[in-house]
1. Need pairs with beta-carbon distance below 7 Å; first residue acidic (Asp, Glu) and within the stretch 80-97, second part of a strand (DSSP E or B); sequence gap 6+ or separate chains.
2. Restricting attention to the stretch 200-253, which residues are polar (S, T, N, Q), surrounded by 18 or more Cβ atoms within 10 Å (Cβ to Cβ) and over 23 Å from Leu33 (Cβ atoms)?
3. Name the helices (runs of 4 or more DSSP H) wholly inside the stretch 42-130 in which the number of residues that are open to solvent by less than 50 Å² (accessible area, probe 1.4 Å) and farther than 22 Å from Thr167 by Cβ is 1 or more.
4. Being open to solvent by 40 Å² or more (accessible area, probe 1.4 Å) and not β-branched (Val, Ile, Thr), is that true of even one residue in the stretch 179-195?
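The values are calculated or read from the model by the stated rules, or taken from the named source; none is laboratory data. Here the structure is a predicted model, which means the values were calculated and not measured. Glycine also receives a Cβ, built like all others from the backbone with ideal geometry; neighbour counts cover every protein chain displayed. We work out accessible area using only protein heavy atoms, side chains counted, and drop any ligands, DNA or RNA first. Shrake-Rupley method; radii C 1.70, N 1.55, O 1.52, S 1.80 Å.
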Amino acid sequence: MNIYQVANTNSHLSSLSNKFSKSIVNFIECSHLISDYISSLQRPILNNINCRINQGEFVVLLGLNGAGKSTFLKSLVGLVPLVKGEININGISVSNHNLAQIRQDVGMLFQGGGLIKQLSAIDNVLCGRLGIRKTGQTLWGFPQRDRTLALELLKQLGLEKQAYQKTSKLSGGQQQKVAIARALMQSPQILLADEPTTGLDILSSQQVMNTLAELHQKGLTIITVLHDLVLAQEYGTRAIILDKGEVIYDGKCENLQDKLQDKLS
């Protein structure tokens, strides 16, 4: 059983296979996204972003520091307020009223993992169920089926022996895998990853990217911020390059170094 199949053993949500079988032309549609004006930049961080991301794509977001990559990623789950524009996911307009629903379908890997270092790996993974379980359901701990799923996900990611170790004791690559397992606990359709290889060595970076690639091959839509053009070309199916809050390139992951130099010159 692979990672994707393990995540689908969660009977609380509809299976991902059924979700992916639906005909969805525009999986994510962003129209005229504008965020708050930043005086130090003398512009909004997001400055009229328009794009459509289809089901099953592996999209890499590229650009210089301050281009708006991470801000754009976070806006998809309502973590960045918009002054203007609209985001639709599966035909549902993202708003403060339906964020809980949206976040069940969209998993997020934060830069640096966003883990609670004092907790064990399995307890961090179980936190991925907090958006689904009611408070009363976790007051005395998580149900056994949640713990079984969390342990199986860690096992599939090669972390079975580290399941009960404090996350602070794990390597950077292992911590990022814990963060991936936590995101998979909610059986998302889309996985957002904000610089998942930052601070990792070459081997750990490849392991994390291979995990994302496996999830993509099984049907998950991946949108990730990367700075490594080699990784972007190896794993991505589509590149979106941002500069000063605007999309300046949207196309294939080919000759990215030349495209960056051409578009940013």
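1. Glu86/Ser31; Glu86/Ser93
2. So the first thing to find is which residues in the stretch 200-253 are polar (S, T, N, Q), and the list is 204-207, 210-211, 217, 221, 224, 233, 237.
Next cut, surrounded by 18 or more Cβ atoms within 10 Å (Cβ to Cβ) only: 204-205, 207, 211, 221, 224.
Matches in the stretch 200-253: Ser204, Ser205, Gln207, Thr211.
3. Hits in the stretch 42-130: 69-75, 99-105.
4. The answer is no, given that none of the residues of the stretch 179-195 is open to solvent by 40 Å² or more (accessible area, probe 1.4 Å) and not β-branched (Val, Ile, Thr).
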